[in-house]
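Accompanying notes for the structure given below.
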Amino acid sequence: MKTSVIMTRLQAKYPGEKEYLQAVQEVLESIEDVYNQHPEFEQAKIVERIVEPDRMFTFRVTWVDDNGTVQTNTGYRVQFNSAIGPYKGGLRFHSAVTPSMLKFLGFEQTFKNALTTLPMGGAKGGSDFSPKGRSDAEIMRFCQAFMLELWQCIGPDQDIPAGDVGVGGREIGYLNGMYQKLARQYHTGVLTGKGETWGGSILRPEATGFGALYFTQHVLHKAGKDIAGQKVSVSGFGNVAWGAVKKARQLGAVVVAVSGPDGVCHIKDGMTEEMNEYMLWMRSSNRDRVEDLATKFPDKVEFIPGKKSWSIPCDIALPCAFQNELDEEDAKQLKANGCWCCCEVSNMGCRPEAIHFFQSNGIIFAPGKAVNAGGVATSGLEMTQNAGHISWSAEEVDSKLHWIMKSIHEQCVKFGTRPDGTVDYVKGANVAGFMKVAQAMLEQGIV
Ligand code: GLU
């Protein structure tokens, strides 16, 4: 297998699918050597098969807004790979959603889910619907209209969606309500990220952020450091950022920045618990403005319009917002300001040039598919509880999450340790995830 040959073919076949091609290139580059040591992979054409989704559903979603105007959006579900378990992955509601974005996310999800140690295949879905400025009633009507089509494609042993950007507990509630109405199936395991009283797992809202910080702790320990007292810059202010800030604070770090599409909030003395909890209101308001934090806490928070979190001096950068949110210029600025570690929490949050800059300048970098896997891992734990009709305590879920993040870190170390003893986390995560899925495909024949 030669990455360049496969990429040339994919570029010709899917011109303009930038995010998808970027994600595939990153994985293929890091697995090429290992792959070529396995002639049985080449014989079964594993690479050619693994880069293509199993199937994609596209559907029209029509609903009525609060002014009585008819609105039409497009909905998607990309079922990427089911070699190790049923399709599993979130739904993204954002104006920029395209098939390319969901294909990249479904591809990443396949390897991420393999890293969790749990039997889950990869999928992703969503819509170009933007929740920004929408009322609660509009969100509900949109979710119901979306489920009118999606329900035929999903099921507890088939495909289990969850949240992602723009989809949190509220949206999962509306989606689940409509699913039950349509399917007349009352299994609690068809969506994850549910409310606690109707099959949800305690700690699922916190899980992505908590898992990311547990992973960061392992990265730091491996490098002989500790997180307590470190200055941390976070981007975004949604659910993932909220959980990351919460755990970072609990572990003694000082969170000096959160950001939004409008700019960055600089919090010199670190975020307080009150600010952290206010982020929940900021997300549910659908205003999509981080400036609201500075308006609420004017003495402690400085809002800088048009700037990113990477302009604020820190030790550790945690991108928690969107793909490609940190570019080479940002990486250079972070280094100039003393940053020495970047743990990517968002899916493909860093541009390839930024990752290259980090890696060639001695800055520790860990990729999203390892760092943020605690979210889907806790979804997997929710599925286990639903299948067994049981409920675990917060302590039980937290200790399982902790164990999973430790095991993901061990897999990265196993496959990514360089001759000098440092760890290439990108290679480690990609090779570990790929080997598991490839082996499962091989054992199940040409299907
Ligand atoms: N959207 C999250 C992710 O990117 C969670 C998916 C899930 O829980 O299924 O991994």
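Summary table below
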| quantity | calculated |
| --- | --- |
| Computed label-point distance, nm, for sites Lys268 and His221 using a 7 Å Cα→Cβ extension | 3.6 |
| Heavy-atom accessible area per residue - the chain, 1.4 Å, Å² | 39 |
| Contour excess over end-to-end distance, with Cα ends at Gln11 and Glu410 and 0.36 nm allotted per residue | 140.2 nm |
| P(r) of the range 45-135 over all Cα-Cα pairs, binned every 10 Å from zero, in whole percent | 17, 42, 25, 12, 3, 0 |
| Efficiency of FRET from Cβ geometry, Thr58 and Val34, R₀ 56 Å, rounded to 0.05 | 0.95 |
| Cα-based reach from Lys268 at 28 Å (exclusive), listing lysines while leaving out same-chain residues under 8 positions away | Lys225, Lys231, Lys246, Lys247, Lys296, Lys300, Lys307, Lys308, Lys332, Lys335 |
| Most to least packed among 1-12, 335-346 [average Cβ atoms within 10 Å] | 335-346, 1-12 |
| Size of charge dipole - the range 265-375 - debye, nearest 20, with Cβ of Lys, Arg +1 and Asp, Glu -1, no other charges | 140 |
| Mean shadow area of the range 194-284, taken as a quarter of the surface of its Cα convex hull (nm²) | 6.5 |
| Residue-by-residue Karplus 3J(HN,Hα) for the range 56-71, coefficients 6.51, -1.76, 1.60, Hz, glycine and proline x | 9, 9, 10, 8, 7, 10, 10, 8, 10, 7, 5, 8, x, 7, 7, 10 |
| Sequence of Asp269, Asp128 from largest to smallest accessible area, 1.4 Å probe | Asp269, Asp128 |
| Global form of the chain, assessed from the alpha-carbon gyration tensor, a/c cut-off 1.5 | rounded |
| Dipole moment magnitude, nearest 20 debye, the range 201-273 about Cα centre, only Lys, Arg, Asp, Glu C-beta charged | 200 |
| Theoretical FRET efficiency, 1/(1+(r/R0)^6), r = Cβ-Cβ of Ser135 and Glu443, R0 51 Å, to 0.05 | 0.50 |
| Within the accessible area of the chain (1.4 Å probe), percent carbon and sulfur | 51 |
| Cα pair distances in the range 15-85, grouped into 5 Å bins until the bin that holds the longest one, percent each | 3, 11, 15, 18, 15, 11, 7, 7, 5, 4, 3, 2, 0 |
| Choice from Lys308, Lys181, Lys194 showing the highest fluctuation, given a GNM over the chain with Cα pairs closer than 10 Å | Lys181 |
| Stokes-Einstein D (µm²/s) once Rh is taken as the Kirkwood radius of the range 216-364 over alpha-carbon pairs, at 37 °C in 0.692 mPa s | 218 |
| Distance in nm between pseudo-label sites at Ala336 and Gln43 (7 Å out along the Cβ direction from Cα) | 5.5 |
| Using alpha carbons only: equivalent-ellipsoid semi-axes of the range 105-171, gyration tensor based, whole Å | 25, 14, 10 |
| Label point distance in nm, Trp281-Thr72, each placed 7 Å from Cα along Cα→Cβ | 4.0 |
| GNM flexibility winner over the chain from His38, His221, His389 (Cα, springs under 10 Å) | His38 |
| Kirkwood Rh in Å, taken over the range 1-156 so that all alpha-carbon pairs contribute | 17.0 |
| Per residue, the convex hull volume that the Cα atoms of the range 181-233 enclose (Å³) | 118 |
| Packing rank of 368-376, 160-168, 411-419, where each peptide gets the mean count of other beta carbons within 10 Å, highest leading | 368-376, 160-168, 411-419 |
| log10 of Debye I(q)/I(0), alpha-carbon scatterers only, for the range 141-248 at 0.10 Å⁻¹ | -0.39 |
| Histogram of C-alpha separations across the range 332-447, 5 Å bin width, % | 2, 10, 16, 18, 16, 15, 11, 7, 3, 2, 0 |
| Debye-sum result for the range 1-53 in log10 I(q)/I(0), which assumes one identical scatterer on each alpha carbon, at q = 0.17, 0.19, 0.20, 0.25 Å⁻¹ | -0.49, -0.61, -0.68, -1.01 |
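The values are calculated or read from the model by the stated rules, or taken from the named source; none is laboratory data. Keep in mind that this is a model prediction, so the values were computed, not measured. Cβ: placed from backbone, ideal geometry, glycine included. Neighbour counts: every protein chain shown. The area values use the complete protein model at the heavy-atom level, side chains included, leaving out ligands, DNA and RNA. Shrake-Rupley method; radii C 1.70, N 1.55, O 1.52, S 1.80 Å.
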